[in-house]
Structures are given as C-alpha cells and as structure tokens.
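Report on the structure given below.
Read the figures in this text as sums done on the coordinates, not as results from a lab. Everything quoted here is computed from the prediction, not taken from an experiment. We place every Cβ from the backbone using ideal geometry, glycine too, and count neighbours over all the protein chains shown.
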Amino acid sequence: MTAQLQLRGARPRRVIGLGAVFASFLYLGAAAVSAAAPWTPTDDSLVLEQVADPRSPEARELTRLQAARAAAPSDPAPALALARRALELGRRDGDARLIGRAEAALAPLLASDSPSTEALLLHATVQQNRHEFRAALETLERVLARDPRNPQAWLTRAVIELVQGDPRRSLASCARLLGRLDSLWIAACAAQARSRAGELQASYEALRAHLERAPDAPPSQRAWVELALGEMAARLGETARAEAHVRAALALDPGDVGARADLADLLLDAGRASEVRDSLAGETRSDLLLLRLTLAEHALGDPAFESHASLLEARARESRLRGAGVHAREEARLALEVRGDAPRALELARASFAEQREPADLRILLFAARAADDPAAAQLALDFLAATHLEDARPVRPAEGKP
Amino acid sequence: MRRVVLLIAMALSLATRAEAHKASDAFVDVRLTDTEVTGRVDVALRDLDLVLALDRDGDGALTWGELRARRADVEAYVLSRLSFAAEDGSACPARAGGLSVDSHSDGAYAVLSVTATCARAPESLRVDYSLLFDEDALHRGILRLETPTGLETAIFAPDARAQVLELDGSGRFGRFLSFVREGVHHIASGADHVAFLLALLLPAVLIGGAARWRPAPAFRPVLREVAKVVTAFTVAHSITLSLAALGWVHVPSRLVESLIALSVAVCALANLRPAAPRFGAALAFGFGLVHGLGFASALADLGSDAWTRVATLLGFNLGVELGQLAIVAAFLPFAFLLRGSALYRRGVVGLGSLAVAGLACVWFTERAFGL
C-alpha cells in the first residue's frame, strides 16, 4: 500500500502582515528572563495566583500521600503510592509540576543499589513523558534484564518505538505481551503499530470490533482505546467518526487535556474554529490548549490571538532557558500557522522529527518544508512515508477557518 | 491487575504528548560589583505554596495579604537554600531585602531582593541552590550573573546544585573569539558577500579607461588598489554595523537585503564596461554602508553591558575582515598571473561578471518582492 498523505496548500497564509512580524521581532528583542519590573501591591485582598485548591479531593489525596511518605521515609510503599498518583494526575492535567513531584518521590528509591521494578517502571514513564526516549528505553532494559516478560515494560517499550517511528519493532514488542495481558491491551498495542505500517483501515476495524466485545473494560482503558480509534479515523479522513471517538473518550475522562487538544485539532482541520474558541475560552494555563485557542482565534481573525501567541512564545523562551525543548512540534505550528515564519517552523519541525515521528510530526514537517520551499526537508518526510507506509488522508495544511 | 492497567493507560497516553504546562522554574538574577552580589530571586507562587502552604484560608486563591503575612518564612526558605561563597570557601552571607511580586509567562512569582556580601572581591563565585528539589525533581533554578566583564548563566538541577562561575575574564575572551568565528562564518556562508567581493576584485588586475581591458603592469599598484577598496568597504560596513547593532538605526531587513543584491548586480555590470570610469574605493564605501546593515542581523543579541557589546562588535568585525582577507589572498595571485590572457578578460571577468549580475538580479527579485 502506498502513502496517501496529500500535499495541499504549499504556503501559509500571510494574514498578519509585516507589521505584526516586526512587532514580534521587537518583542523577542525586548524580552529578558524576567518580566518588566517587580511591584508591591497595596491591597491585601488582591488575588495574585490560583493555587491548587486544598479542598479538592485530588489535593487532599496528594497531601495525605505526602504526609505518609514523610512519616515513613525509609518505607518505599508510601513513596511509590505518591509517585503513582502524582504521575496519574500530572498526565491528566498535563501539569509538569505534578510529574516533577512524582519524580522527586522516586528519587530516593532510584538512588538505592537495586531499585524495585515498580520504581523503575514509574521512572521510565516519567522519562517518556519528558521525551527522554533513549533514557526511558535504558530504564526499561534494566527491568527486562531481571524480569524478561514484564508486560508493562514491553508495552511502554512498544509505545516509545511507535513514537520514534518504528511500527514494525513496536509490533514485535506488542507480540511479547501475548498471554501476559488483557487481550484488549494487546489488540490496542498491535492495532496502533499496524495502523502506521500500511494497514490503517484493517487495524481500525479490528480495534473497533474488539472494543465492542469488551463492554466491561475499565473506563481509563476504554478512554484510551477511543482516543486511539479517533486518531486512526482522523487519518482515514473520517472526521465525523473521529470526532465521535474523541468525544466518547472525553465523556469517560472530561479533564484529559490531551483529549481536548485532539478534539480541537479535529475541529480546526474541519474549519470549525469558532467551536474551538468557544470551548477553550480562558484556557491559558495549559500550553496545548492555549495553542489551539490561539490557532482558532487566528483563523477567525480575532485580535486576541496576538497576546496569546506572545504568551506561548515567552513560555517557549523560558523553557529554553532551562534547557528543555519538548514543545518543538507545538512551537512549529505556532511559527508556521500564526506567525507565517516558515524557516523557523521548519527548523523546529526538523528538531521534533529527529526525536519523534508521529503522524503529527510528519504533517508539520511537510507543511513547513513546503512553506519554506525546502525540497530536501520534504524528501525527509516522504522517505519516511515510503519506508513505513504510513497513511494519512488529512491535507497537510489545516482548513481555513470560517468566522 | 488494576494497578498495572492504570499504569499502562498512563504510559500510553503520555507517549505522544509532552506535559502541557511549563515545568517549574525559579530565576536568580544577580549582579556582582566588587564585593557585593545584589539582585532578585523569583519563585513561582504555586511552588512557594507547595512548600510553605501559603494559602491560609484554603480557598485556592492566594492573596497578597496571605503572602505578606508569611514574608519571614519566604525569606528563611529561600536563604536557607541559596548561598554564595568565594573561591576559598569563605561564605558571602546573604540577607533579604524587600518582597514584591512579578508575573512571568506562566503565572505570578514572589520576588525577593537579596544582597550577599563577600569579605573581598572574589575571583570565582560559588553558588549553591536547592530550592524545591525535594518536592519537584523537574524544578530548575536559572541563574544569571552579571559581572563587569559580562554575563554568566547557569542552571541548577537536582544533580547540579552547585555552580562555580569564573570571574577572571577568560569567559569574556572566549566570547570574543566566538564572535570572531561568527564573523568568518558569516562571510564564508553568505553567497552575496562573496559575490560582491569577487565583483569588486575581478577587474582589479586590469586597467580600464579604454574600449578594452589591459593587464596591469605590476603587482604592487594592484595590491595598493585592492587594499584601498577592501579598507573602504571595511570602514563603511563597520560604521553601519555598529549603528545598527547598537540599535541607533533600524532599516527593514527586506530593504537592506534587496539593496545588497542590487549593489552586487551594479558592481558586476560595471565590470562589463571597461571604458566606464572606475570608482573602486568610493563605490566600495557606499555599498559597504549597505552591507553593514545586513551583517547586523547576525548580531541580534549583543548582551546588556557596554563592554560585552564592544567586544562582540570588535570580534565580529575582525572575523569579517579575516574572512575577506582569506578570499582576497586566495583570489588575487591567480588573477594576477592570468591577467594577460583572453580567457581571464573575456571568460572570467566578462562571463563571470555576467553570471554574478544574473544571480544578483534573481536575489533582488526574490528579496524585493518576497517571492
């Protein structure tokens, strides 16, 4: 089967004009590490920041787990419990601070000569979240060296291999799960890998049928399978089905930031920017959601996009100060679709593609390569398509928004 | 089994997404003058709330009153986890000044003024930092130290809690050298600058003023003429480069880039008319002014203090000169040897200039009309 990625829309729109481009350069030049100037409020009742609501069940649970860990510093069980819960909440909210708390709870356990298997598995998941794929694979190697059939280790490995753009190796890792794990997980693992290796339609149908036969699967599992199905349906060009799958996932886990971002992408692709703007209004804390909000505002000609884009750029600069560049794919979309800066977008898309090769990475790479008129970069993506037989019916360039 | 399933769900959905929020950072911005380190420490209020439970009424909204009431605790927390010392290990005791607030791209921060005083001016400064590492392993402390000789930056992490910053000036020299390299690189990689230089140099070994080129009789006058041309170009581009890099003039880059292309085309086309009067040095000076504005784009960040700016400009200019001299040195001897041949006069000067002019016209069209 051949690659189907369509190449439409060679150049990004120049909506904002040179004035805005210059304004953004001025902004870049003026921005230092810290914002303007510190000030001293005069009103004690002035609200400075929304912090974690200590009355929420999640915050109370974390406080309880933290206290349990402090009470028994040498006991690994409370530390693992804290790490697991913080990681889970951090994943749902996309909050790096919670991921950091998980890793801090793991740190003393990992410092021992022989860390427990669960500590290593949680550590690998944190590393994977940080996009430290090589380090994560090494940690998983340590687990597999002592427990060669550990299903969690093989599954996490399969996922990383998939993200790195190696669906065949990923499928081989999925195969190691046979007889070790619930069949829906194995089906999901295999379907994801096959769907990126030239069997998109067949693997979509198979996974959908499998989910229908498993009505008792836990909600977290169902939610994830629905998201996987949504991603496949989107690549099949079946937007309505994709939307239904992602909405089903959201119904099971309404707070999932990643699922909300996926839904926004589907709607943006379909030219339904005003729905995105309505559903994400005020979402300035999460970068993933703020990016989609900005894209929607830009597509609608809403001037609010300018301040939101500047905020995202300021965060990217501060992230770079700390030596992290995990947002390259998102930054590339902002540079290309909002700023119209094709060379910068291509640089970022290439950087992202060097680390991870998911359909979204490929799409932005192709889009940027064509906008920057760089056939060599486009060839990089086309070679990958030819080698893996990845299918993606979506246009490279997102649809125009209609106010 | 449920535990495994949860973990798996996490692993799978984490796979494709980086965390959607910026991770926790704190900023230590200080300046060293003689024996004193002064500046500010910015810590996110969300982070301070995690370690000090500032939100007294527990409503999730942190007010200035709640922060102000805990000022002593904030000071104690920061000063117990941030310290400065000289190279001999003698501490530079720190004290806190005022508490204020500021906003960064990801929220509100408490800003604590700090002053640390060393017994004598340190040659290197050791900074120890361990805020939040016990609670958040992804937290980073970002240090900016301004000294009279430049800006030093460092990042603190759980496995890098101490940083030693050398203040002896070797950093400045290294920075200078890096800009010399940058200047050489800029010449070597900028096809338009090389093309311009060649267009100026091609007829240097010939004598015009008649219908046909004649070979120059001796090397010395040729060298003198080339030296004049290169010097005029250098002086001119140094002037505008400095003006632009220091932010005193600003010309849109599209205009500058178009003019550069145009200058290359004009220069190359002039070579096709041996009878035309030559304005070698004057022409080079005029176009040098334009090219200097083009170089300025390579020097976006000059640093904040005057010393760094001057060192950067000098280094970059020196690099540009070295790059130009290398091209002259490689080109001129061959041109002089071949100057008598028809191949040189018609082929190299004629066709070469035509090719350069054609290329420059393409550049001009692309740049001026944004194609």
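What number, in nm² with one decimal, is the all-direction average of the projected area of the convex hull of the alpha-carbon atoms of segment B:21-168?
Average projection, Cα convex hull of segment B:21-168: 8.7 nm².
Volume per residue, Å³, of the convex hull around the alpha-carbon atoms of segment B:172-369?
108
When you have a sec, figure out the Kirkwood radius of segment A:42-131 from all distinct Cα pair distances and drop it here in Å to one decimal?
Here the Kirkwood hydrodynamic radius works out to 14.0 Å.
Which whole number gives the average count of other chain Cβ atoms within 10 Å of the Cβ atoms across peptide A:210-222?
That works out to 2 on average.
Indicate the gyration tensor shape class of chain A (rounded, prolate or oblate), computed on the Cα atoms with a ≥ b ≥ c the square roots of the eigenvalues: a/c under 1.5 is rounded; otherwise a/b larger than b/c is prolate and the rest oblate.
Oblate.
Can you compute log10 of I(q)/I(0) for the protein assembly as shown with the Debye formula, treating each Cα as one identical point scatterer, at q = 0.08, 0.11 Å⁻¹?
After summing over all Cα pairs, the log10 values are -0.81, -1.26.
Taking only the alpha-carbon atoms of segment B:135-262, what semi-axes of the equivalent ellipsoid follow from 5 times the gyration tensor eigenvalues under a square root, in whole Å, largest first?
48, 18, 14
With label points built 7 Å along Cα→Cβ from the Cα atoms of A:ALA244 and B:ASP59, find their separation and express it in nm.
It works out to 4.6 nm between the two label points.
May I have the pair-distance distribution P(r) for segment A:255-403, computed from all Cα-Cα distances with 10 Å bins from 0 and rounded to whole percent?
12, 41, 37, 10, 0
Determine the distance separating the Cα centre of segment B:34-49 from the Cα centre of segment A:79-132; give it in Å without decimals.
28
Working from Cα positions, state the angle (0 to 90°, nearest 10) between the long axis of helix B:280-296 and the longest principal axis of chain B.
20
Identify which of A:ARG176, A:ARG285, A:ARG84 has the largest mean-square fluctuation in a Gaussian network model of chain A, with springs joining Cα atoms closer than 10 Å.
Greatest mean-square fluctuation among the candidates belongs to A:ARG285.
Under a point spin-label approximation (7 Å from Cα along Cα-to-Cβ), what is the B:ILE239-A:ALA214 distance to one decimal in nm?
Between B:ILE239 and A:ALA214, the label points sit 7.6 nm apart.
Can you give the helix-only mean residue ellipticity at 222 nm for chain A, where every DSSP H stretch with n ≥ 4 adds -39500 (n - 2.57) and the sum goes over all residues, rounded to the nearest 500 deg cm²/dmol?
-21500 deg cm²/dmol
Select from B:LEU359, B:TYR344, B:VAL230 the residue farthest towards the positive end of the dipole of segment B:172-369; place +1 on Cβ of Lys and Arg, -1 on Cβ of Asp and Glu, and compute about the Cα centre.
The one lying farthest along the dipole's positive direction is B:TYR344.
As I understand it, the value is the acute angle between the Cα axis of helix B:170-189 and the longest principal axis of the Cα atoms of chain B; what does it come to in degrees, rounded to 10?
40
What residues have an amide H closer than 5 Å to that of B:HIS104, excluding those fewer than 5 places away on the same chain, when H is modeled at 1.01 Å from N in the peptide plane?
Sorted by chain and number, the residues that satisfy this are B:TYR109.
Would you mind getting the Kirkwood hydrodynamic radius of segment A:213-321 from its Cα pairs, rounded to one decimal in Å?
Values: mean 1/r = 0.0679 Å⁻¹.
One over the average 1/r among Cα pairs gives 14.7 Å for segment A:213-321.
How large is the dipole of segment B:21-168 about the Cα centre if only Lys and Arg carry +1 and Asp and Glu carry -1, each at its Cβ, rounded to the nearest 20 debye?
280
So if I average 1/r over every pair of distinct C-alpha atoms in segment A:288-357 and take the inverse, what Kirkwood radius in Å does that give? Write down the numbers at each step before the final one.
Details: mean 1/r = 0.0818 Å⁻¹.
Kirkwood radius, segment A:288-357: 12.2 Å.
Round to the nearest 10 and give me the degree value, 0 to 90, for the angle of helix B:352-369's Cα axis relative to the longest principal axis of chain B.
The helix B:352-369 is inclined about 40 degrees to chain B.
Taking the dipole about the Cα centre of segment B:172-369, with the C-beta of Lys and Arg at +1 and of Asp and Glu at -1, give me whichever of B:LEU177, B:SER263, B:PHE369 is farthest to the positive side.
Most positive-ward Cα: B:SER263.
Could you work out the percent of alpha carbon pairs in chain B separated by over 33 Å, rounded to a whole number?
53
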